[in-house]
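Working notes, beginning with the structure itself.
The values are calculated or read from the model by the stated rules, or taken from the named source; none is laboratory data. Fair warning: this is a prediction, and the values are worked out from it, not measured in the lab. All Cβ positions, even for glycine, are placed from backbone atoms using ideal geometry, and neighbour counts span all protein chains on display. For the accessible areas, the whole protein counts, side chains as well, though only heavy atoms, and no ligand, DNA or RNA atoms are used. Shrake-Rupley method; radii C 1.70, N 1.55, O 1.52, S 1.80 Å.
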Amino acid sequence: MLRRDPLSQKILAAGVILKPLERAIIEHEDLFRRHFMAQPATLARAKFAALHEAFVTSGTFVYVPKGVEVELPIEISIG
């Protein structure tokens with residue numbers, strides 16, 4: 001069972017994005033590329049970061065612009 005409550009118009013107008021990773025890659029490519037795996041991994045963790053980046057196939061993209069506050073919690077669960 002999948003339950004999805006859409007974000008309010010107020011939150012959407014503030015620039016908050018909550019989408020499946022697969023859609024965010026296409027619809028917000030520049031934003032996605034700027035933030036996803038953007039920080040270099042430390043030497044000891046680099047191999048795991050590379051594996052993650054190579055094999056990630058799903059997830060949730062959550063973007064809250066600087067200065068924007070989301071008052072209600074965002075809950076994501078996999079079931």
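Some notes on this structure:
- Qualifying positions in region 13-27 - within 18 Å of PRO73 (Cα to Cα), open to solvent by less than 80 Å² (accessible area, probe 1.4 Å) and out of contact with any Leu (no Cβ under 7 Å at 6 or more places or on another chain): ALA14, GLY15, ILE17, LYS19, PRO20
- Filtering region 32-48 to residues that are at pLDDT 70 or above and either open to solvent by less than 70 Å² (accessible area, probe 1.4 Å) or within 14 Å of ILE17 (Cα to Cα) (or both) leaves PHE32, HIS35, PHE36, ALA46.
- Pairs meeting the criteria (first residue in region 43-63 and closer than 20 Å to ILE26 by Cβ, second residue among the small types (Gly, Ala, Ser) and at pLDDT 70 or above, beta carbons under 6 Å, at least 6 apart or on different chains) are PHE61/ALA24.
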